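Everything on this sheet refers to the single structure shown next.
Where a number appears in this text, it was derived from the coordinates with a stated rule and is not lab data. If you're wondering where the values come from, they're calculated on a predicted model, not measured in any experiment. Every residue, glycine as well, gets a Cβ built from its backbone with ideal geometry; the counts of neighbours run over all protein chains shown.
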Amino acid sequence: MLSLDKQNEWRERYRAAHPGWQPATELYADLVRQQLTPNAQVLDIGCGRGGLVEQLHHPLEQVVGIDPDWLSLHEHRLNLASAVAFSDDLPFAPNTFDVAFASWVLEHLARPFHTFQSIARVLKPGGVFVFITPNGRHPLALLNKTLGRLGRLQGRLVARLYGRSADDTFATHYRANSQADLEQLAAQSGLQLTTLHAVPDPTYLAFNRPLFALMTRFEDALPVERKIHLVGVLVKRLAEG
């Protein structure tokens, strides 16, 4: 089994050999923090039981989380205002939030345009949406998409390999997981893609040292547009006129 702790050990080895590299999750957190002002109203899309919001130290009365899973909200580690909802139909008034963010959500969207349209509606003009998601052009994403056709068997496989609950494994579609997809969805929904980073990470098959070395060489050889993670920022366009 490849635990998260072991993955993070490999990431530190990769960082030591690649000065200036930082894991996609660190870059994502930095981008969210850069957007926060003291009075910012914040939406955590797919908040689950915690995650990035626990690291931000932003006033909780200014943060709302949504997740389709009631049990995850019930078990959230913070006293966070929340609602059971899907990202494609956010239950908030227009122009409510300054910042929205989503961790590992875009890959699961069957109807990404509806989600982008909904996010644009609830953001204030000039508001930002920050995301982290797998790159749909990475070979492992293509493999995961194929495995997704196995249904519950995929969940059991992920649980066995990574120690993650099968109940926390969801279908993937990868319909908002390339620069071209993101730019098109943004243009259709009144958003603009202003920042996009493709970040390498060789740890997902690093079950031992030889596999880590092999995956490092493989990841380093990929062109930048196919690196495994995408981290980016979309901005709601200001009203014209």
Relative contact order, percent, the stretch 178-234 [alpha-carbon distance under 8 Å, six or more residues apart]: 46
Nearest-ten-degree value, helix 209-221 long axis tilted from longest Cα axis of the chain: 60
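Find how much the distance from E12 to Q192 grows on full extension, using 0.36 nm per residue of separation minus their present alpha carbon separation; answer in nm with one decimal. Kindly include the intermediate steps, with their values, before the conclusion.
Numbers: separation 180, 0.36 × 180 = 64.80 nm, distance 3.35 nm.
Computed gain between E12 and Q192 is 61.5 nm.
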Most fluctuating residue given options H18, H76, H197, as computed from a GNM of the chain linking Cα atoms under 10 Å: H18
Over the stretch 170-221, equivalent-ellipsoid semi-axes from the Cα gyration tensor in Å: 32, 13, 7
Debye, to nearest 20: dipole size of the stretch 4-236, +1 on Lys, Arg Cβ, -1 on Asp, Glu Cβ: 660
Contour excess over end-to-end distance, with Cα ends at Q34 and D5 and 0.36 nm allotted per residue: 7.7 nm
Calculated Rg and Dmax of the Cα atoms in Å (choose from (1) 17.0, 48; (2) 17.8, 59; (3) 22.2, 76), label: (2)
222 nm mean residue ellipticity, helices alone, for the chain (DSSP H n ≥ 4; -39,500 (n - 2.57); rounded to 500): -11000 deg cm²/dmol
Gap separating the Cα centres of the stretch 102-135 and the stretch 8-82, nearest whole Å: 15
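Mind counting lysine pairs for me in the stretch 4-236? Cα separation below 28 Å, and the two need to be 8 or more apart along the chain or on different chains. If you can, show how the numbers build up before the last one.
Numbers: K6/K145; K6/K227; K124/K236; K145/K227; K227/K236.
Counting lysine pairs in the stretch 4-236 gives 5.
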Nearest 10 degrees, 0 to 90: helix 179-189 Cα axis against the chain principal axis: 10
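Rounded to whole Å and ordered largest first, report the semi-axes of the equivalent ellipsoid of the stretch 14-123 derived from its Cα gyration tensor (root of 5λ). It would help to have the intermediate numbers written out before the result.
On the way: eigenvalues 112, 55, 47 Å².
Taking √(5λ) for each eigenvalue gives 24, 17, 15 Å, largest first.
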